[in-house]
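These notes concern the structure reproduced below.
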Amino acid sequence: MIPPHGGIKNFSPFDGRIQVGCNVVWSGFFYLILKMLNKLFENASLRKKIHTDVDGKYCFDREVLDIFLNSPYDIAPGFIGPPGSKLRGGRGKDHPRYGRFIYAFGKHYKPQQIVEVGTFAGGTAVCWAEAIKDDPGSQLICIDNDTYSKGTYPEITSRNIDNTGLSRVRYALMNGDSKEMLPNFAKRLENMVDIYLVDGDHTYEGAKADINNGFPMLRSGGFMLVHDLDRDRVMDEATEDHPFPVYEAFMELINEHRFDYCILKYIRKHLGIIKIEL
Ligand SMILES: C[S@@+](CC[C@H](N)C(=O)[O-])C[C@H]1O[C@@H](n2cnc3c(N)ncnc32)[C@H](O)[C@@H]1O
């Protein structure tokens with residue numbers, strides 16, 4: 001077709017299609033710049049916060065923080081959320097920083113056995129998977145009762161973990177109530193687990209059960225990680241008797257056994273870490 005205004009010579013550089021093309025290129029360019037700046041500011045602010053925003057004394061190796069600061073901003077860029085979940089691709093606001101820390105912890109300690117309670121679509125599980133995938137002896141067990149993911153656990157979680165390349169024989173996604181499942185796991189895996197992450201039921205009773213029922217699985221020298229300890233937030237699960245339900249359950253274990261611990265306040269909603277010394 002002959003272009004209007006008499007052919008190619010008279011084509012305006014501001015022709016609509018060229019303009020749209022330019023806009024797409026500029027948008028892509030600005031997107032990349034924004035991503036780079038985000039990563040730069042993320043690291044600059046974290047380098048300060050790792051010294052200031054901590055309760056207790058660091059109870060894990062410094063190398064974890066080095067890996068944390070030097071890891072890719074997003075450990076799982078292709079993450080798929082359950083249908084309809086839009087917030088940050090279905091991972092919610094806690095990620096990607098929370099997941100990046102999980103990755104660094106797993107990468108440094110090279111755990112042979114990890115157990116996680118509260119997996120949802122796999123925001124933390126994919127980061128454990130990325131960390132351990134090259135070590136053929138290591139395994140990941142996840143427990144969730146599908147309350148948040150509404151019929152999509154374990155399928156979506158499995159897709160996300162498969163995308164990391166971790167072979168299916170190296171991970172298990174258990175569907176059920178942790179209060180019922182953990183006592184059996186604790187018998188089977190007594191003193192065998194290197195890392196246990198608690199991020200499931202956030203009521204006082206639920207968190208207390210997960211912490212106490214899972215504790216016997218941990219070997220001496222292992223770690224329990226507990227998410228959602230932030231006392232500046234009012235949790236939906238807070239009650240008059242237990243205004244800070246997960247924090248209270250976390251501190252009770254520490255006070256009972258005098259374990260070393262720290263709370264990382266630079267991880268959104270705060271992540272507590274307990275070093276188990278038996
Ligand atoms: C905060 S989400 C976990 C987030 C996940 N760790 C991540 O980083 O994406 C809490 C999860 O715990 C699960 N959950 C809650 N109560 C549970 C219970 N009693 N047993 C097993 N899972 C439970 C919910 O279904 C939900 O998926």
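Coordinate-derived values only; no laboratory data. None of the values given here were measured: they were computed from a predicted structure. Glycine gets a Cβ as well: all are built from the backbone with ideal geometry, and neighbour counts include every protein chain shown.
Could you tell me what % of all Cα pairs in the range 162-278 have separations over 22 Å? Display every interim value, and only then the final one.
Working: 2432 of 6786 pairs.
Of all Cα-Cα pairs in the range 162-278, 36 percent lie more than 22 Å apart.
Each helix, a run of at least 4 DSSP H residues, gives -39500 (n - 2.57); summed and divided by the residues of the chain, these come to -12500 deg cm²/dmol at 222 nm.
Near the amide H of residue 60, within less than 5 Å, lie no amide hydrogens of residues on another chain or at least 5 residues away, with H placed in the peptide plane. In the Gaussian network model of the chain, springs joining C-alpha atoms below 10 Å, which of 113, 139, 19 carries the largest mean-square fluctuation? Of the options given, 19 has the highest mean-square fluctuation.
With the chain treated as a Gaussian network of Cα nodes joined by springs under 10 Å, which of 31, 153, 196 yields the largest mean-square fluctuation? Looking only at 31, 153, 196, the largest GNM fluctuation is found for 31. If you take all other residues with their beta carbon under 13 Å from the beta carbon of residue 48, and give Lys and Arg +1 and Asp and Glu -1, the sum is +1.
Within the listed set 65, 40, 140, the Gaussian network model of the chain (springs between alpha-carbon atoms below 10 Å) gives the highest mean-square fluctuation for 40. Bridges between two residues of the chain, per DSSP, are antiparallel at a rate of about 40%. Each principal axis of the Cα atoms in the chain has its own extent, and those three values, largest first, are 86, 42, 39 angstrom. In plain terms, the residue of 252, 63 with the fewest other Cβ atoms within 10 Å comes first and the most crowded comes last, giving 63, 252.
What is the fewest-to-most order of 246, 234 by other Cβ atoms lying within 10 Å of their Cβ?
On the way: 246 32, 234 10.
Ranking 246, 234 by Cβ neighbours within 10 Å, fewest first, gives 234, 246.
Taking the beta-carbon count within 10 Å as an exposure proxy, list 85, 149, 27 from fewest neighbours to most. Write out the running numbers ahead of the final one.
Values: 85 19, 149 23, 27 10.
Listed from fewest to most nearby Cβ atoms, that is 27, 85, 149.
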